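The values are calculated or read from the model by the stated rules, or taken from the named source; none is laboratory data. Keep in mind that what you see is a predicted model, and the values were worked out from it rather than measured. Glycine also receives a Cβ, built like all others from the backbone with ideal geometry; neighbour counts cover every protein chain displayed.
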Amino acid sequence: MAAPVAGAQVRATAARVLDAVMRGRSLRTELATALPALRDPRDRALLEAICFAALRQRTRADAALAAWTPRPLGARDSLLRALLHAGFAQLDPLGLPPHAAVAATVEAARTLGRSHQAGMVNALLRRAIRDGLPAGDPADAWPPWLRECIHADWPDEAAHIFAASATAAPAWLRVNARHGDREAYRARLATQEVQAELPAWPVDALLLRTPVPVAQLPGFDDGDVSIQDLSAQLVADALAAPAGARVLDACAAPGGKAAHLLERDPALRLTALDVDPHRLQRVADTLARLRLPAASLQAADARAADGWWDGTPFDAVLLDAPCSATGVVRRQPDILLHRRPQDLDALLALQSTLLDACWRLLAPGGVLLYATCSILAAENAQQVDAFLARTPDARAEPLDERFGRAAGAGRQRLQGDADGDGFFYARLRRTAA
């Protein structure tokens with residue numbers, strides 16, 4: 001009996017994950033199921049790398065298959081197609097040793113019950129080694145309707161947006177200021193041979209050009225550090241809640257922004273809502289790991305205040321609204337597979353309703369920060385302009401250029417700006433009665 005080929009199981013698992021995602025499932029959900037089944041952390045890291053790389057370059061892989069196969073792969077061959085995407089991704093852009101990548105992927109075909117197609121997998125991967133994948137245009141990965149939105153909103157930046165969205169994102173760390181400063185934590189990383197950069201701002205951030213597994217982050221389990229993108233970290237600065245304020249985080253899960261607020265000011269009286277009890281548990285887990293003061297966690301809908309609000313107005317409200325997530329495509333490449341025009345219509349209506357509902361919970365003189373990880377004007381500048389037009393006691397407060405380029409009453413960051421994700425911020429003050 002032939003010895004098992006190393007890594008075949010990882011490639012087979014990658015094919016199953018990619019097949020599910022290409023048929024409409026969430027990448028995050030599929031990985032959450034697949035990763036624990038792999039014991040070796042190196043295998044888990046490889047699985048994630050293959051899946052992300054394959055989804056980022058799926059249009060290049062499809063172009064190769066269209067050119068190199070005598071007839072299109074049908075619906076019954078969706079798993080084979082996914083395996084080939086995984087194989088191509090190992091060669092480009094991951095650059096794994098070609099012989100090992102081909103051998104393991106061919107063996108994965110047999111593992112998946114596709115022994116009769118193993119020769120085809122071998123031939124196509126060897127052609128990719130010889131000829132390279134078609135260059136492709138990063139814009140092709142975006143559905144036409146969404147691509148049109150980007151061109152309309154950012155005509156001078158569209159090419160940058162498409163290119164940045166097709167690249168792997170760096171890792172950003174947020175050092176827990178209650179446990180020490182980032183200079184000291186950077187020194188701890190250096191002892192693990194992990195190189196980190198200190199940006200001028202924000203003050204809690206460290207940049208890892210090369211991401212590392214959580215297990216390599218000293219003190220992670222003790223709450224010394226969190227993984228959070230630069231643009232998400234800026235929310236705490238944009239909100240700038242007064243010391244000891246009564247604060248509402250209206251859509252809190254998974255809890256990174258609520259945790260950052262409490263790291264900055266443990267005296268905040270924070271209420272964290274999320275409509276999904278399971279997601280709210282992630283907020284509780286995050287606060288517990290970081291050893292932060294208890295917050296009031298409520299599984300509730302911010303639009304239905306009668307079910308949870310005690311009637312005492314909040315000094316500050318963070319509305320990190322549900323959105324298209326078009327600013328985080330490089331971290332969630334399956335967004336481009338799943339987003340539909342009707343999704344945007346529903347999100348715009350939800351954002352508008354949430355803005356109106358949260359405004360009623362804000363004390364006169366209080367501040368509401370509206371934020372999204374979208375780069376679409378309809379969800380951001382236009383949404384806020386419409387709110388200001390219908391809300392007489394609301395006025396926008398300017399944020400400086402560190403938060404991004406001017407966009408209506410707010411500021412917009414695009415993916416890749418200062419190595420961060422795409423994000424929008426608008427700071428709104430409720431005028432005193």
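Taking the conditions (1) at negative phi; (2) in contact (Cβ under 8 Å) with a residue 40 or more places away in the chain; (3) of a type in the set (Gly, Ala, Ser) in turn, GLY180 satisfies each one other than (1).
Within the stretch 35-80, if we keep just the residues that are in a helix (DSSP H, G or I) and of a type in the set (Lys, Arg), the residue that is surrounded by the fewest Cβ atoms within 10 Å (Cβ to Cβ) turns out to be ARG76.
If I ask for residues that are outside any helix (DSSP H, G or I) and either farther than 22 Å from ALA305 by Cα or not assigned by TED's automatic domain parsing to the domain that holds ASP310 (or both), which ones from the stretch 242-262 would you list? Passing the criteria: PRO242, ALA243, GLY244. The sole residue among ALA152, ALA108, ALA141, ALA128 that is crowded, with 21+ Cβ neighbours inside 10 Å and closer than 30 Å to ASP343 by Cα is ALA141.
If only residues of the stretch 194-223 that are touching a Phe, Trp or Tyr at 6+ places or on another chain (Cβ under 7 Å) and within 24 Å of ARG44 (Cα to Cα) are counted, the one that is surrounded by the most Cβ atoms within 10 Å (Cβ to Cβ) is LEU207. Would a scan of the stretch 68-81 turn up a residue that is of a type in the set (Val, Ile, Thr), over 21 Å from GLN9 (Cβ atoms) and in contact (Cβ under 8 Å) with a residue 12 or more places away in the chain? Yes, the conditions are met somewhere in the stretch 68-81.
Across the stretch 6-34, the number of residues qualifying as in contact (Cβ under 8 Å) with a residue 60 or more places away in the chain and surrounded by fewer than 14 Cβ atoms within 10 Å (Cβ to Cβ) comes to 3.
The rows are residues; the columns are (1) under 19 Å from LEU261 (Cβ atoms); (2) surrounded by fewer than 17 Cβ atoms within 10 Å (Cβ to Cβ).
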position	(1), (2)
ALA284	yes, yes
ALA294	yes, yes
ASP315	yes, no
GLY327	no, no
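Quick check: is even one residue across the stretch 366-374 touching a helix residue (DSSP H, G or I) at 6+ places or on another chain (Cβ under 6 Å) and either modelled with pLDDT under 95 or under 19 Å from PRO155 (Cα atoms) (or both)? Checked the stretch 366-374: at least one residue is touching a helix residue (DSSP H, G or I) at 6+ places or on another chain (Cβ under 6 Å) and either modelled with pLDDT under 95 or under 19 Å from PRO155 (Cα atoms) (or both). For the stretch 158-176, taking the residues that are surrounded by 19 or more Cβ atoms within 10 Å (Cβ to Cβ) and touching a residue at least 60 places away in the same chain (Cβ under 8 Å), the one that is farthest from LEU208 (Cα to Cα) is identified as ILE161. Take the stretch 212-265 and flag every residue that is among the small types (Gly, Ala, Ser) and under 22 Å from ARG429 (Cα atoms). Across the stretch 212-265, the qualifying residues are SER231, ALA232, ALA236, ALA238, ALA240, ALA241, ALA243, GLY244, ALA245, ALA250, ALA252, ALA258.
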